[in-house]
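Have a look at the structure below, then the notes.
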Amino acid sequence: MSAPRGFDLFVQAPPQLGNQYRDDPFLRSWLRRKLPAQVLGEIEPELAAMGELAGGELYRLQLQDRLNEPRLVQWDPWGNRIDRIELTPLWQKVAPVAARSGLIAIAYERLHGRWSRVHQFALAYLFHPSSDLYTCPLAMTDGAARTLTVAAHPQLRDRAVAHLTSRDPAQAWTSGQWMTEAIGGSDVGASLTRAQCDANGVWRLFGKKWFTSAITSQMALTLARPEDNGPGGSGLAMFYVETHDTAGRPNNIRIERLKDKLGTRKVPTAELLLDGTPAELIGEPRNGTRNIEPMLVITRTWNSVTSVAFMRRALALARSYAYERQAFGAALGELPLHVDTLAGLEAQTRAAFLLAFELVELLGRQEAGELDDAQRALLRLLTPIAKLLTAKQAVAVVSEAIEAFGGAGYIEDTGLPVLLRDTQVLPIWEGTTNVLALDALLRGEAGAGLAALAGWIETSAAAINDTTLLELNGTAAAALAHVRQWLTQTDEATLLQAGARRVAMTIGRAWQLALLVEHAHWSLQTDNDRSGIAAAARFAMTPVDLLVNIPPGDSRLLLS
Ligand SMILES: Cc1cc2nc3c(=O)[nH]c(=O)nc-3n(C[C@H](O)[C@H](O)[C@H](O)COP(=O)(O)OP(=O)(O)OC[C@H]3O[C@@H](n4cnc5c(N)ncnc54)[C@H](O)[C@@H]3O)c2cc1C
């Protein structure tokens, strides 16, 4: 249509996405550094295909599907309670993609041994931002498969794990993780759901689960308190629940309502009433919070990878837009301050990527039985640290990337605001920042992990010959030494708790800096690429060591 006479109309070109694997040189260089050439050669076609799908068909469908949301249908026309969820078109499209691509299966088929987790999570990283958080049920499915592999009796393992890890969309199940109750999500030991065992040895659950995501799953792992057990997490037991009976009716489970959420609106998250739900006890009839931990290790790994994936997507769009949009006679991408702003986001994204994939690599090596005691301590420390830090970085980076679009970033049908709303869940679910910081530090095992980390940073210095990188390695080492000194000298519980977030962030940022230095050294040696040095130097300015002593009394003063 031609413009009305007398008006100069301008129409802005939108940001473009290409193949998300080919357009991600940092991912590709990391994979090239880590993977044996044969493994990379074998998995690269899958990565390129997923990159094409994510940047093409799925991204287009996601934009078209923007206004659709899942719907709870509670009754059929004849008055039967059915509690059926109708999913959005994109979710219906990506579920078989996830199964066929082996987004869960790869980790259990283990064709590439210790590298199987890297293979799986590189695919998940590409898939996630175009999946409308379908990675939420995938994370719990992976967590359940791992937990059942470790803890279930053989018949249950054979029945459920085969479905959870299937590549056949008709056979593939997803799993829920029903822990949070109204009385406590962080303090899950306060849970009120009861478990009764009848004379035939059948357990039945009674209670209300307050947040249950992806409620279309065929099964869930959950926690409930056997009747004679005492309070706290040790009085809870872990149970396996199938959501429907063999006739397809809800298994004494009522969906009370779907949550009306800030983001993740494509994910059906429900309040559930368990009213005599048949369940199978997994393992001992106690210590549920401890026994469900294998699930949390996996879901926190997914959280870390999806955090980075959102950062990369926001930045990919912002970079594209920087060359579509002009201001003051130049493309935004030519304006020094805009370039400076995006470069800061790139440095944070690389740092977060390296930490998340360090976790992925260690997990894969653990499953291959390769870790010694020190590396196991490192993995235990890294799991909460990577989750809490990458989630916070994701919110900050995605928020800044939205601003890089100016007003367009605030307009719903650009598809940009949803990125920020969806990212905001990452610091909340799977353990909030504070709760994970305490988890990382107060278990009494942090010392071994910190010693292993300090040892690795020190030894990696020996290989570095670039003076800037050596200095940056020293900054990471100094921040970590400060943490270790602070932890040894601080024995007052209130002070330890109050400082836990600053300590956890400092550990994570020192770790990220050391990983940036390591990758920069390799890039320099292998490709004469100096961008890694720029990323590490930029990251180190933000700053790394956040540890200061703030008396808890001062904090209380501010709130009184
Ligand atoms: C979209 C969405 C989907 C979800 N899906 C699921 C699901 O599928 N399954 C499931 O089980 N749960 C799910 N959750 C719940 C989620 O895991 C919890 O909301 C989360 O763990 C926090 O628990 P809470 O809401 O009870 O907050 P609270 O525990 O009440 O926490 C409130 C605040 O207090 C802080 N806090 C708590 N304890 C401490 C402490 N000791 N020291 C310092 N600060 C503290 C927290 O950091 C937080 O900032 C979901 C949540 C959301 C938002």
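The values are calculated or read from the model by the stated rules, or taken from the named source; none is laboratory data. Note that this is a predicted model, so its numbers are computed, not measured. Don't worry about glycine lacking a Cβ; one is built from the backbone with ideal geometry, like all the others, and counts go over all protein chains shown. For accessibility, only protein heavy atoms count, side chains too; no ligands or nucleic acids. Shrake-Rupley method; radii C 1.70, N 1.55, O 1.52, S 1.80 Å.
With every protein chain in place and a 1.4 angstrom probe, the accessible-area ranking of Asp491, Asp198, largest first, reads Asp491, Asp198.
Rounded to the nearest 0.05, what FRET efficiency do Asp527 and Glu42 have when you use their Cβ-Cβ distance and R0 = 22 Å? That pair, Asp527 with Glu42, gives E of 0.45.
Just to be sure I understand the rule: take each whole DSSP H helix in the chain, project its Cα atoms onto its long axis, keep it if the span is 24 Å or more and its mean Kyte-Doolittle hydropathy is at least 0.5. Which ones pass?
Values: long enough: 37-55 (26 Å, 0.47); 293-324 (46 Å, 0.19); 336-367 (46 Å, 0.40); 373-403 (45 Å, 0.61); 467-489 (32 Å, 0.28); 493-527 (49 Å, 0.21).
Membrane-span-like by this criterion, though nothing is claimed about a membrane: 373-403.
For the chain, the relative contact order is 12 percent, taking Cα pairs closer than 8 Å that sit 6 or more residues apart in sequence and dividing their mean separation by the residue count. Relative contact order of segment 194-251: 29 percent, from C-alpha pairs under 8 Å at least 6 residues apart in sequence.
At 1.4 Å probe size, with the rest of the protein present, what percent of the exposed accessible area of the chain is carbon and sulfur atoms?
So the carbon and sulfur contribution to the accessible surface is 54 percent.
Here r is the Cβ-Cβ distance between Ala463 and Thr490 and R0 is 35 Å; the resulting FRET efficiency, rounded to 0.05, is 0.55. For the pair Thr149 and Gln92 in one chain, pulling the backbone fully straight at 0.36 nm per residue adds 17.8 nm over the alpha carbon distance. In this structure, the amide hydrogen of Thr277, modeled 1.01 Å from its nitrogen in the peptide plane, lies closer than 5 angstrom to those of Leu205, counting only residues at least 5 positions away or on a different chain.
Net charge around Thr88, counting only other residues with Cβ within less than 15 Å of its Cβ (Lys, Arg = +1; Asp, Glu = -1)?
+3
Three principal axis extents of the chain based on alpha-carbon atoms, in descending order, are 75, 73, 60 Å. Between Arg159 and Ala374, the modelled label-to-label distance comes to 4.6 nm, taking each label 7 Å out from Cα in the direction of the beta carbon.
Please sort by residue number the GluC sites (Glu not before Pro) in segment 214-266 whose DSSP state is loop and whose Cβ has at most 14 other Cβ atoms within 10 Å. Can you show the working numbers first?
Values: sites: Glu227, Glu242, Glu256; in loops: Glu227.
Here the GluC sites (Glu not before Pro) that fit, given the DSSP loop and packing criteria, are Glu227.
Could you work out [θ]222 nm for the chain from helices alone, using -39500 (n - 2.57) per DSSP H run of at least four and dividing by all its residues? Round to the nearest 500 deg cm²/dmol. Don't skip to the answer; put the middle values down first.
Values: 18 runs with 291 residues, N = 560.
It lands at -17500 deg cm²/dmol.
The relative contact order of segment 391-534, computed from alpha carbon pairs under 8 Å that lie at least 6 residues apart in sequence, is 21 percent. Straight-line cross-link partners of Lys208 among the lysines, defined as a Cα under 18 Å from its Cα and at least 8 positions apart when in the same chain: Lys259.
Can you work out the accessible area per residue across the chain, with the rest of the protein chains kept in place, probe 1.4 Å, in square angstrom?
Details: 24180 Å² over 560 residues.
Computed with neighbouring chains in place, this is 43 Å² per residue.
Ordering Lys34, Lys209 by accessible surface, largest first, gives Lys34, Lys209; the 1.4 Å probe counts only protein heavy atoms, with every chain in place. Convex hull volume per residue, computed on the Cα atoms of segment 289-447, equals 125 Å³.
Cross-link reach is defined here as a Cα-Cα straight distance under 23 Å, omitting same-chain residues fewer than 8 places apart; for Lys392 the lysines meeting it are Lys261, Lys266.
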